Amino acid sequence: MKQLKELFRRSTSRWLALELILVTFTLWWAFDPVIVTNYVFHLPLGYDVDRMVKLDVAGTSDQTGMSALDFSDEEEMLLRKLQEMDEVELAYSAHNNPMGWNTMFHPRFFFNDRGDSIQVRCYGFHKDSKMLEVYGIHSLTPDVPDSELTRDCEWDKTVIFTRSMALWLFGTTDVAGRNVEGKEYGYDPEIRTGVWQRKQFHIRAVVEDVRYLACECDYATIFICDGTLSSSAPIILRLREGVNSEHFVQEHEKDFLNELVTEHRYIRGIQTAVEAMDKLTGSTSLGRITHSNLLIAAFFATNMAFGVLGTLLMYTRQRREEAGVKRAFGTTRWSIFWGFICEAWLLTTISVIIGATAKGLFTFGPHSIPAVHFWFDDFGTHFIVVSACVYIIIMCTVLLGTAIPAWRISRSKITESLREE
């Protein structure tokens, strides 16, 4: 306590503390959203995008009389050609747009036994398709392996739940074989308008959680057996283990665009899943805000480092005469050096505590499943994590700015230290 009073008795110490408080507040404002959003971006998606490639399929101008089923037959020919490639493990003709790439999903409400409801994203899959295998989504139901997830499914009656959905609705993942009530908005031909309709669905299995976008922490997802065919559905490839998706695209892009053609179907574009998802994430408002916040945080951190370093160099050098007096009375060089370091540590710690408590927390937004919590949902954990990051950044800068001149002062001769500058 005595050392603390002595420290703040100096006007230079008070001004330095004020500067550190402002720096802490600014870094909190800049780094808090960056830390939270980057954590969300690196949460597991629930499927393996590193070994996936997307092929955009289109039709020729001669499409008179062609039905979606006819297009499907020709796409099967394309799938067989792709499946014969050594680098390709699985090929799948996606339902509408593939999950995670500007997907057309169908919102529905599902109810549990207590009558609680939740709105979910429903992604359609065809019966006996390879959709979940291509994505690399793993089954949590022992009796239903990954390769059999889409078997024995009925159109618009069979659903596959994700882990978080099963836990929120039923409190367990052991729900395969049970029935669940759902509600969707559909067209009623009798009254010629849209109405909410309730249906009973059969739960085929439970799989690991999946996320729609990398910039969302929303696990409210299920898969529903849907027999709809689309004439513009892309083809998704899952490459074999060890095959680099970027090299695969570079090597085969020209061949796919020029040679992978049927009578009415052709490949008009090819890109890796990582590239497609990064592009989509960057086009979202949160993706753009995160990129801007990252640049702002880097700008403030750089300016803070130079500003604080300059202030500390002046603050420490001004006390050169004080160090000389202490040396004259027998104080060792190490005592003087560590005295400067301890004062810098104490001053920084107090300033960061004051500056951090003056800034509110960044809120990522509500989650669709209330039972799913992250560290940034808890005020105490959120505050401690971000404060620790800001504290480490400031402390490293302060200690560096203090240690260099303090070391030189402690090693200088007494006569030089006592000389007035």
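The values are calculated or read from the model by the stated rules, or taken from the named source; none is laboratory data. Since we're looking at a predicted model, the values are computed, not measured. Note that we place each Cβ from the backbone using ideal geometry, even for glycine, and neighbour counts take in every protein chain shown.
Couple of notes before you dig in:
- Within the stretch 224-237, if we keep just the residues that are surrounded by 22 or more Cβ atoms within 10 Å (Cβ to Cβ) and in contact with a helix residue (DSSP H, G or I) (Cβ under 7 Å, 6 or more places away or on another chain), the residue that is modelled with the lowest pLDDT turns out to be Ile235.
- The stretch 209-220 - residue that is modelled with pLDDT under 85 and in contact with a Lys or Arg (Cβ under 9 Å, 6 or more places away or on another chain) and, of those, farthest from Pro370 (Cα to Cα): Tyr212
- Residues within the stretch 5-53 that are buried (at least 21 other Cβ atoms within 10 Å of the Cβ), among the polar types (S, T, N, Q) and either assigned to a loop (DSSP other than H, G, I, E, B) or modelled with pLDDT under 75 (or both), tallied: 0
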